[in-house]
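I have placed the structure first, in the form of structure tokens, so that the comments after it can refer back to it.
The values are calculated or read from the model by the stated rules, or taken from the named source; none is laboratory data. These numbers were taken from a predicted model, which means no experiment stands behind them. Cβ atoms come from the backbone with ideal geometry, glycine included; neighbour counts cover every protein chain shown. Calculation scope for accessible area: heavy atoms of the full protein, side chains included, ligands and nucleic acids excluded. Shrake-Rupley method; radii C 1.70, N 1.55, O 1.52, S 1.80 Å.
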2 protein chains.
Amino acid sequence: MHYGIGPIGAGLVKYVLQKEGIKIVGAVDVDKNKVGKDLGELAVGKSIGVKITDDAKGLLRRAKPDIVLHSTGSYLREVKPQLFQIMDAGADLISTCEELSYPFLKHPDIAKELDRRARKKGVTILGTGVNPGFVMDTLAITATGVCQDVKKVSSFRIQDASVRRLPFQKKIGAGLTLDEFKRKVAEGTIRHVGFAESIAMIASALGWKLDQIEESVEPKIAEKPVASEHINVEAGQAAGVDQNAWGIMNGEKVITLNLQAYLGCPEPKELTIIDGNPPIELAIKGGVHGDIATSAVVVNCIPRVINAQPGLSTMKDLPVPSAWFGDSSQFIKKR
Amino acid sequence: MHYGIGPIGAGLVKYVLQKEGIKIVGAVDVDKNKVGKDLGELAVGKSIGVKITDDAKGLLRRAKPDIVLHSTGSYLREVKPQLFQIMDAGADLISTCEELSYPFLKHPDIAKELDRRARKKGVTILGTGVNPGFVMDTLAITATGVCQDVKKVSSFRIQDASVRRLPFQKKIGAGLTLDEFKRKVAEGTIRHVGFAESIAMIASALGWKLDQIEESVEPKIAEKPVASEHINVEAGQAAGVDQNAWGIMNGEKVITLNLQAYLGCPEPKELTIIDGNPPIELAIKGGVHGDIATSAVVVNCIPRVINAQPGLSTMKDLPVPSAWFGDSSQFIKKR
């Protein structure tokens, strides 16, 4: 069952429709413009005979989904009632809610409640996506697997926003004056959510006890005019965002995450650097396409979440991520 | 407990001695030159009060290890009695035996026996190392986690053998004439063991049913004289090995592994290429140091193996690999 049919949710539907052995039993969205419409029409322009409803509770009871793909918001406090509603219906749950990817730091009480309820109901709950969920945390953690010593972990995500959706380009502040950019940062509307979660997950995997996590959000200022299909940026305006976060231990920045997403980025890439023994410098040339990868990570995790022990899980607790092809049933463990 | 104190086994001891919360309760080796010697003297040049014995059975009974790190051979048929001996003593087990990393393809019967015995004894058994175990299989599988489609998986390991141990340089045929090289390949002494296992593990993760696996071992011929600390190679001789393996599905090479290890390699690296959606080109600059990384992967997996369900496990079944620091007990799940 799909819960939340925004751009990310629609992307999930699109990928699920390509997979064998998954039947979509229902879809929920509160948007009045979507309710009553066919889910397939909305996601891939082709009817699939599943009508979108705003009655989540009724649908959960009628459809009895094995697993719900949830994509309605970034903040745990806001989506919490929906998560409980899904768990109470006895369904496993994967959410793109960024704060759910590692909720133990910022929301330890909610994390405990979620874990307790999930165990009680015998379901597994996971927050994931491309980031948080993969490139700046799971991949960095995996890279440390070959290290005997780790002094520092750094992850850089350098993205060319020109090729992304208009909402993404707006979200990173492309085309704003520096004053407008500053105001939007203060309002909290320009900001990747998930850095604190990624840092806390890396620290937990390594057994590092951090003193604190610091974050900064700055504009990436255009040196010359630059444009996407949708937005023109003048020199001196913001071409996008340059966001940093640091995990600090004993007064030292031991984890550094840096996200640069802007129009006209010449050399997009993902870069993970482990200052350790051996040292590791791992790069993904061109970077990982965010929208495609988020759908991929979520749907690829379905068998792992169904197989997992009940409770609140994170990417570092599950078996290594992997794409899978053919009928889903071959990846589901028999009980 | 350490079982097998060759170069790899000694490396494991060296890293274990750096970790908190692990007590070495014994060591086994059949080499008469090692029996009776202090394990620490042999591994790090410093006594640790653990004498090496050749009586594995007696030691297992007396020392009652929680987990055994096993490193005596590459071939499953040869090490099988040792693995059963360890399991029968009720100990979890991590082995660097290459064929154990994914034994289901070449030794399905032994794999079944091992799994059955491990479950019966309530222990977990894992084969791992840097390769097979990480760079050409686990990392490639992990990279597909962000993909919606995968057409081909390729992994290249380009190594400069000049910086490695002499036995390694000999193993790859550095300094041999092409005739000598050919003879050693025919004898089976120049050959990385583990390609078939890595390919089978990748295919299994993806749900690909391969028709067959093909392998080739060729010399990397020196174009000009090249030397390491230990070996001089003349132009026209083998500077090392160029080994390929392919996983073939519907007549097409869908998985390609290529290992080049030779003296004078100008640009060592690990390279994983996923021909998919999105495409992924993941490189580790300079490569991963094999000896350090093998010890790291094995010892870093200890908590995961102790936490795992009983049975024969593989890297793709366990939670994502990770280094860990501080006392080991914080990573062990309470039952």
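Overview of values
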quantity: Apportionment of accessible area to carbon and sulfur, chain B, percent (1.4 Å); calculated: 49
quantity: Equivalent ellipsoid dimensions for region A:70-162 as semi-axes, Å, which come from the Cα gyration tensor, largest first; calculated: 28, 17, 12
quantity: Count, lysine Cα pairs under 17 Å in region B:179-286, 8 or more residues apart or across chains; calculated: 5
quantity: Value in Å of the Kirkwood radius, where region B:121-160 supplies the Cα pairs that are averaged; calculated: 12.2
quantity: Two-decimal ratio, the protein assembly as shown, of alpha-carbon radius of gyration to 2.2 N^0.38 Å; calculated: 0.99
quantity: Longest exposed-site-free window of chain B, the sites being GluC sites (Glu not before Pro) in a DSSP loop that have at most 14 other C-beta atoms within 10 Å; calculated: B:1-222
quantity: Accessible area of B:I231 in the full protein assembly, 1.4 Å probe (Å², nearest 10); calculated: 20
quantity: Projected label distance in nm at B:K120 and B:N33, using a 7 Å step from Cα toward the beta-carbon; calculated: 3.9
quantity: Those residues of region B:174-207 whose amide nitrogen sits under 19 Å from the label point placed on B:E215, 7 Å along Cα→Cβ; calculated: B:174, B:181-204
quantity: FRET efficiency, 1/(1 + (r/R0)^6) with R0 25 Å, evaluated for B:F104 and B:K57 via beta carbons; calculated: 0.30
quantity: Sequence of A:F104, A:F134 when ordered by accessible area, the most exposed leading, probe 1.4 angstrom; calculated: A:F104, A:F134
quantity: 10 Å-binned pair-distance histogram of region B:1-129 (Cα, whole percent); calculated: 13, 47, 32, 8, 0
quantity: Buried area at the A-B interface (accessible, heavy atoms, 1.4 Å probe, summed, Å²); calculated: 4000
quantity: Gyration tensor verdict on region B:28-68 (Cα atoms; rounded if a/c is under 1.5, prolate if a/b is larger than b/c, oblate otherwise); calculated: oblate
quantity: Shielded residues, region B:250-295 - accessible-area loss of 20 Å² or more between chain alone and all protein chains, probe 1.4 Å; calculated: B:N277, B:P278, B:I280, B:E281, B:L282, B:A283, B:I284, B:K285, B:V288, B:I292
quantity: Column: log10 I(q)/I(0), Debye, Cα scatterers of region B:229-323, q = 0.24 Å⁻¹; calculated: -1.26
quantity: Members of region A:1-23 that become less accessible by 10 Å² or more once partner protein chains are added (1.4 angstrom probe, chain alone as reference); calculated: A:Y15, A:Q18
quantity: Low-density loop cleavage sites - trypsin sites (Lys or Arg not before Pro) in region B:1-50, where at most 11 other Cβ are within 10 Å (DSSP); calculated: B:K23, B:K32, B:K46
quantity: Cβ-derived FRET efficiency at R0 25 Å, A:E113 paired with A:V25, nearest 0.05; calculated: 0.40
quantity: Sum of -39500 (n - 2.57) over DSSP H runs of 4+, divided by residues of chain A (222 nm, nearest 500); calculated: -9000 deg cm²/dmol
quantity: Listed residue (A:H230, A:G286, A:P167) projecting farthest to the positive dipole end of chain A, Cβ model; calculated: A:P167
quantity: Contact order normalised by residue count of chain A, Cα under 8 Å, 6+ apart, percent; calculated: 21
quantity: Cβ-Cβ FRET estimate between A:E252 and B:R165, R0 fixed at 25 Å, reported to 0.05; calculated: 0.15
quantity: Cα gyration tensor of chain B - equivalent ellipsoid semi-axes, whole Å, descending; calculated: 32, 26, 18
quantity: Accessible area per residue in Å² at 1.4 Å probe, computed on the protein assembly as shown; calculated: 41
